[in-house]
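Beneath this line is the structure, given in structure tokens, with notes to follow.
The values are calculated or read from the model by the stated rules, or taken from the named source; none is laboratory data. This is a predicted model, so every value here is computed, not measured. When we count neighbours, we look across all protein chains shown, and the Cβ atoms used for this are built from the backbone with ideal geometry, even at glycine.
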Amino acid sequence: MDKNRAWDLLKEMSFIRVAGTKEDLKTAKLLKAHCDEAGVSAVIEDFEIENSVISEATFEVLEPEYCSYPVIGIGKTPNTKKDGAVGGFKYIENGLEANFTDIKDKVVLVQGMVRPDAMKKLADKGALGYIMIGGDFYEEESIKHELRPSDAFGKDNPLPGLKMHIDDAEKLVRSNPTKVRMVLKNRKKKATAHNVIATIEGTDLKDEVIIFSAHCDSVPYSTGSWDNATGSVTVMELMHYFSKNRPRRTMKFLWCGAEEIGLVGSRKYCEAHKDELEKVIFNINFDMTGVTLGYEHVCCSCSEETMHAIQYLANVENYPLDIELGMYSSDSSSFAGAGVPACTFARLNPRGGAQIHNHHDTMEHLDPDSFMITANFVAKFASQIANSTVNPIPRKFADKVKKALEERKRFMPDEEKEDKKPGGKKGGKIEEKPAKKDDKKAEKE
């Protein structure tokens, strides 16, 4: 593998790549061109996504003293009446039972992710609408308008939703409003996103398949160098490696579109290739590698035996690895949900380190040598699987993973994008974000 080649591709991919845009298609064509240049057959598969167009989103305090706050609309939630929703106000903290009292005819401010059961309870108890909190206290003023759109949250929600910066939310709570008005007008819009799939056919065991995956889209305002151009480039480097070291088993290299709006690309891939998934013995996913200050992490959505095998090789190779069983809110979850053992590798930042989902996600805190740490280990690990005489990956899941899979099925598919905390451990009914995965996807608000 070649860190300079990887770094050059990372530079090429460092531009805003929102699903369904012309830049999204540019990314797919760029990745396919690199596969073609390497002599590996690749195809682009299109799929339809649904975005929201927000035409109006406002929030005003009417009493006791008038004030308006900047907000963005949460797509795929119901519109308010023409003149808006007018009523009282209440701040909900942790989604405990006591938080759900006295909310009839009120707009509620919530922190963290509002899950479907909590949203239904809000609607059943007569809430008029809700406001989510985004951003952090310490952002410079110039980017406080860069709240990430939350279409994935809005799907099937019964109440209209807005998002407000945390600074404004604090001011709002302190003002003790008694009468407020929220307005939301939005419509659904179809768009086309793209998956890219390259294939290296195996030699004598070609009917068994390993899939490497990473998402190649970014969020608005962000060049997505770390999240997740690094993962995309890791997959490309592994493709180069196995094109020179042809494996016994077939390998597919999948760059998923529309991950940032709810793992849509990987779910669409699993749906479109449902009949082929029986041949897939393992999915190895990458979501954010290469950060200079960080630590190696893997979340295993598979059997305990497979997790222990990864840990064993990590110890043999002196590869410090933070490892756990669970469901990682990235594209590996789509494969695990389709019955394929999977894992996600990531190199995560320390608290206060590199950021994502805003204009700070650039190459500034990435490093070619750090990038190769993950890629080099996975090349060794995947080579053992690819060339083993007997398939070493049991097609089963640990009890902890089964429980997480069942939990995932209870809720809408799009909710998983919103908390990339390793293991996906759930707290209250309204889920608050951790600091960015130790920091990582806390900003996946």
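Observations on the structure shown:
- Residue check for ALA118: within 21 Å of SER150 (Cα to Cα), under 25 Å from the mean Cα position of the chain (by Cα) and not in a loop (DSSP other than H, G, I, E, B): yes
- Residues of the stretch 23-43 that turn out to be surrounded by fewer than 21 Cβ atoms within 10 Å (Cβ to Cβ), aliphatic (A, V, I, L, M) and more than 14 Å from LYS244 (Cα to Cα), as a count: 5
- Any strands (runs of 3 or more DSSP E) falling wholly within the stretch 241-314 and containing at least 2 residues that are modelled with pLDDT of 95 or more and aliphatic (A, V, I, L, M): 249-256, 280-286
- Any pair with Cβ under 7 angstrom, 6 or more apart, that starts in the stretch 170-189 at a residue that is at pLDDT below 95 and ends at one that is surrounded by 14 or more Cβ atoms within 10 Å (Cβ to Cβ) and of a type in the set (Lys, Arg): LYS188/LYS76
- Yes/no for TYR312 being out of contact with any strand residue (DSSP E or B) (no Cβ under 7 Å at 6 or more places or on another chain) and among the aromatic types (Phe, Trp, Tyr): yes
- Scan the stretch 223-240 for residues that are of a type outside the set (A, V, I, L, M, F, W, C), in a helix (DSSP H, G or I) and touching a Lys or Arg at 6+ places or on another chain (Cβ under 9 Å) and the total you get is 5.
Listed here are the residues, each with its yes/no results for (1) within 15 Å of VAL107 (Cα to Cα); (2) touching an Asp or Glu at 6+ places or on another chain (Cβ under 7 Å).
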residue: LYS120; (1), (2): yes, no
residue: ALA123; (1), (2): yes, no
residue: ILE131; (1), (2): yes, no
residue: ILE143; (1), (2): no, no
residue: ASP156; (1), (2): no, no
residue: LEU162; (1), (2): yes, no
residue: THR178; (1), (2): yes, yes
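- Residues that are assigned to a helix (DSSP H, G or I) and of a type in the set (Val, Ile, Thr) within the stretch 15-42 comprise just one, THR27.
- Any hit, the stretch 35-45, residues being under 21 Å from the mean Cα position of the chain (by Cα), outside the structural domain of PRO158 (by TED's automatic domain parsing) and without any contact (Cβ under 8 Å) to a residue 40 or more places away in the chain: no
- Selection status of PHE212, surrounded by 24 or more Cβ atoms within 10 Å (Cβ to Cβ) and in the same structural domain as LEU9 (by TED's automatic domain parsing): yes
- Counting only residues that are charged (D, E, K, R) and crowded, with 16+ Cβ neighbours inside 10 Å, the stretch 280-328 holds 3 of them.
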